[in-house]
1. Just to verify a result, which residue in the range 176-186, among those that are in a strand (DSSP E or B) and over 21 Å from the mean Cα position of the chain (by Cα), is nearest to Asn37 (Cα to Cα)?
2. Tell me the residue from Met200, Met285 that is at pLDDT below 95 and either in the same structural domain as Glu142 (by TED's automatic domain parsing) or farther than 30 Å from Glu138 by Cβ (or both), please.
3. Applying the selection to the range 30-48, what residues are outside any helix (DSSP H, G or I) and over 18 Å from the mean Cα position of the chain (by Cα)?
4. Within the range 330-381, count every residue that is in a helix (DSSP H, G or I) and closer than 30 Å to Gly94 by Cβ.
5. Could you look through the range 25-47, keep only residues that are small (Gly, Ala, Ser) and over 13 Å from His204 (Cβ atoms), and pick out the one that is modelled with the lowest pLDDT?
6. If you go through the range 259-285, how many residues are of a type in the set (D, E, K, R) and in contact (Cβ under 8 Å) with a residue 12 or more places away in the chain?
Amino acid sequence: MSDFQLAPQHVAFVSWVREKAIEELADLSGDESGRVNRPLVQAMGKLGLLRALFGGEPGSPPRDAAALKLCLLREALAQVNGEAETALALQGLGSYPILQSGTPEIVERWIPRVISGEAIAAFALSEPTAGSDAAALELWAEPDRTGWRLFGEKIWISNAPDADVYTVFARTTRGARAKGVTAFVVPGDAVGLDGSSLDMLSPHPIGRLTFDGVAVDRGDVLGEPDKGFAVAMRTLDLFRPSVGAFAVGMAQAALDATTDHVRTRVVHGAPLARQQAVAHRIADMATQLEAARLLVYAAASAYDNGGDPGGITRRAAMAKLYATEAAQSIIDSAVQLHGAKALQRGHLLEHLYRDVRSLRIYEGASEIQRSIIAREIIGRGATT
């Protein structure tokens, strides 16, 4: 990992994360079931890796997550253990709206259990007809005497159907699009909540949820009624740069493996690296990687430093867009330079090749990131 702009404590933190992942988590990884790997999550809780998702020190109350630390954590894990990285990120994505917008009672009920690895969290936004257009949600919250009852369906929900707690976004005002969405906390064992797992290209805990009159109390609202879309967007502003960090970590692993390969693979009596076409491709891969890393950490620093929300959103979108597209290109080049053996089941690059594809889709596809960037620049006149 490049140490540009990294303070000594950040370098030490990255080393600690990688050491723990290699020494403590490797034997718990490799689950191909496509379901939540609870032993792995619990181990990360015991090691303190999940605690690092949130600000503050062990023993103190958690507070707003720091984007820089989140990115460092995700990049470091991605280089050595992609399954652990994904499990950790999903814990953060599912629980951050609770920390950000929940009442003290809701925070106390769920966040300590998420940090320990006891409770699995999930972020339930996408629906069959509301993916890229998240404001088109149709999951309906019907008011009743004590709160609401939820009716409808969610799909492409990570950690579903195994999560213990869901952050669920539902429509509370018809016809209002983003202005009529409310965020709720829903326990995984709620009456009327059902789900099923989906079989994906890369084994990943993801599924479908159905809500048949699931009851939620007024105290289960995150933030205010009809203002849940802002809860979702604040969460994505934090996590989109860290998706870029995940991509950077995977791309770094691919580049490291490919550099070693071209140095030692002999073709026509000389190392593969002696061929100019190969050397130039390595140079392009490294340049893409460094540019992606710079965008990711610039976006993370902007988030942590506050300032114009539009600028934070724009930088987050740029980081997610460029880093995920670059990682796809870098890993594809790595496969090409390795040849057929990179496609053999179980090879590092075969694994990375399958895993990297989803990054350009989830938490806003690349096309959506381009629309966000254009809107912020053209609509608001932002240039820096």
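1. Narrowing the range 176-186 to residues in a strand (DSSP E or B): 181-186.
Going one step further and asking which of them are over 21 Å from the mean Cα position of the chain (by Cα), we end up with 181-182.
Details: Val181: 31, Thr182: 30 Å.
This residue is Thr182.
2. Numbers: Met285 fails: at pLDDT below 95.
None of the other options fit; the residue is Met200.
3. Filtering the range 30-48 for residues outside any helix (DSSP H, G or I) gives 30-37, 48.
Hits for the range 30-48 are Gly30, Asp31, Glu32, Ser33, Gly48.
4. The initial filter retains those residues of the range 330-381 that are in a helix (DSSP H, G or I), namely 330-343, 348-360, 366-380.
With the extra rule that they be closer than 30 Å to Gly94 by Cβ, the set shrinks to 330-331, 348-360, 366-376.
Count: 26.
5. For the range 25-47, the residue satisfying everything is Gly30.
6. Initial filter on the range 259-285 (of a type in the set (D, E, K, R)): 260, 263, 265, 274, 281, 284.
Right, trim to in contact (Cβ under 8 Å) with a residue 12 or more places away in the chain and you get 281, 284.
Result for the range 259-285: 2.
Each row is one residue, and each column tells you yes or no for (1) more than 18 Å from Arg234 (Cα to Cα); (2) among the charged types (D, E, K, R).
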position: Pro97; (1), (2): no, no
position: Pro112; (1), (2): yes, no
position: Glu118; (1), (2): yes, yes
position: Ala122; (1), (2): no, no
position: Ala160; (1), (2): yes, no
position: Phe169; (1), (2): no, no
position: Thr172; (1), (2): yes, no
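Condition check ((1) under 15 Å from Asp217 (Cα atoms); (2) part of a loop (DSSP other than H, G, I, E, B); (3) outside the structural domain of Asp194 (by TED's automatic domain parsing); (4) of a type in the set (A, V, I, L, M, F, W, C)) across all residues:
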position: Ser132; (1), (2), (3), (4): no, yes, no, no
position: Ala141; (1), (2), (3), (4): yes, no, no, yes
position: Glu153; (1), (2), (3), (4): no, no, no, no
position: Trp156; (1), (2), (3), (4): no, no, no, yes
position: Tyr166; (1), (2), (3), (4): yes, no, no, no
position: Phe169; (1), (2), (3), (4): yes, no, no, yes
position: Arg174; (1), (2), (3), (4): no, yes, no, no
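The values are calculated or read from the model by the stated rules, or taken from the named source; none is laboratory data. Note that the structure is predicted; figures quoted are calculated from it, not measured. FYI the Cβ positions are ideal-geometry reconstructions off the backbone, even for glycines, and counts take in every protein chain you see.
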